[in-house]
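Remarks on the structure that follows.
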Amino acid sequence: MDFARPRSVAPVTTLGAPADPWTPPRLRLVCLDIDDTLVDFSAAGRRALAAVLGRADLWPLWDQITDRHVALVVAGELDYASMHRRRTRCFLGELGVVADDEEIARFEAERKDLLRRSMCLFDDVLPCLDWLRAAGVQLAAVTNASGAHQRAKLAGLGLARFFDHVAIAGEIGVAKPDPVMFHSVCARLGCDPAEAAHVGDKLQTDAVGARDAGLAGVWLDRHDSGAEVPEGVHVISGLDDLPQLLVSEFARIGVPAQR
């Protein structure tokens, strides 16, 4: 959705009556993806996988296989526990390793423990969430990942206190970029999609999906990838850029006083 000011076309008014000023949209809700938006998940995942395997070059293969298996979860064909086992079996198979159920369970237990212990927030997360809270907007975490896992992650990293709602794809029955995912969050928190913004690290899944659902779609491109950005999508390189963007696009947002 394009929040740019309308083109300068003279309004039709009665003689002597002032033109109605343009009223910017009101911001009531900011939705945020979790992994690689708030939590440096990929870096933690790389470290954990490298520690288990004793080599650091296999993350691209792991990530590719994970994406394929997560798609099956989103489609309702697998639950997350089964997905983890099947994903690991497939990954090890690509390396020429035939593992039984016990070996796969040991691999996953070690990897998950290392992953949990190495997980951390990006440096810009807490200042941004504090600012949004002070600005008086509602906050929702919106994720396609496992509900129990993500709620535990938010709690363990001290983020749960910021969020009015956590939206889990598997619990809603649809996943980003389906508009229903975004609309269900807006309905739950009582706002129109035009009064909401969604921020995430995936251009199509997060930003374009949100834009097509009527929200302000914001792509968090932390690596300055230089990818072509579709019309109507906003781009920031860090969450420290988000307040300025929101103030410029939603001029009625309550701006926190400077301390």
Counting only residues in segment 196-209 that are in contact (Cβ under 8 Å) with a residue 60 or more places away in the chain and in contact with a Pro (Cβ under 8 Å, 6 or more places away or on another chain), the one surrounded by the most Cβ atoms within 10 Å (Cβ to Cβ) is identified as Asp206
Check segment 242-252 and report whether any residue there is at pLDDT below 95 and touching a Ser or Thr at 6+ places or on another chain (Cβ under 6 Å). no
The residue from Cys31, Cys90, Cys120 that alone is touching a residue at least 12 places away in the same chain (Cβ under 8 Å), under 21 Å from Gly170 (Cα atoms) and either buried (at least 16 other Cβ atoms within 10 Å of the Cβ) or hydrophobic (A, V, I, L, M, F, W, C) (or both) is Cys31
Considering only residues that are surrounded by 17 or more Cβ atoms within 10 Å (Cβ to Cβ) and in contact with a Pro (Cβ under 8 Å, 6 or more places away or on another chain), which ones fall in segment 133-157? Ala135
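Can you go through Ala17, Ala10, Ala4, Ala51 and tell me which one is among the hydrophobic types (A, V, I, L, M, F, W, C) and either modelled with pLDDT of 75 or more or not in a loop (DSSP other than H, G, I, E, B) (or both)? Explain how you work it out, then say what you get.
Values: Ala17 fails: either modelled with pLDDT of 75 or more or not in a loop (DSSP other than H, G, I, E, B) (or both); Ala10 fails: either modelled with pLDDT of 75 or more or not in a loop (DSSP other than H, G, I, E, B) (or both); Ala4 fails: either modelled with pLDDT of 75 or more or not in a loop (DSSP other than H, G, I, E, B) (or both).
Selected residue: Ala51, the only one of Ala17, Ala10, Ala4, Ala51 that is among the hydrophobic types (A, V, I, L, M, F, W, C) and either modelled with pLDDT of 75 or more or not in a loop (DSSP other than H, G, I, E, B) (or both).
Conditions tested, residue by residue: (1) under 24 Å from Ala155 (Cα atoms); (2) hydroxyl-bearing (Ser, Thr, Tyr); (3) at pLDDT below 95.
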| residue | (1), (2), (3) |
| --- | --- |
| Ile65 | no, no, no |
| Met83 | yes, no, yes |
| Arg87 | no, no, no |
| Glu110 | yes, no, no |
Residues (modelled with pLDDT of 95 or more and in contact with a Gly (Cβ under 9 Å, 6 or more places away or on another chain)) located in segment 144-168: Val166
Of all residues making up segment 206-249, the number that are within 23 Å of Gly136 (Cβ to Cβ), among the β-branched types (Val, Ile, Thr) and part of a helix (DSSP H, G or I): 1
Test for Val166: is it of a type in the set (A, V, I, L, M) and in contact with a Phe, Trp or Tyr (Cβ under 9 Å, 6 or more places away or on another chain): no
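The values are calculated or read from the model by the stated rules, or taken from the named source; none is laboratory data. Bear in mind that the values here come from a model prediction, so they are computed numbers and not experimental data. Note: ideal-geometry Cβ built from the backbone for every residue, glycine included; neighbour counts use all protein chains shown.
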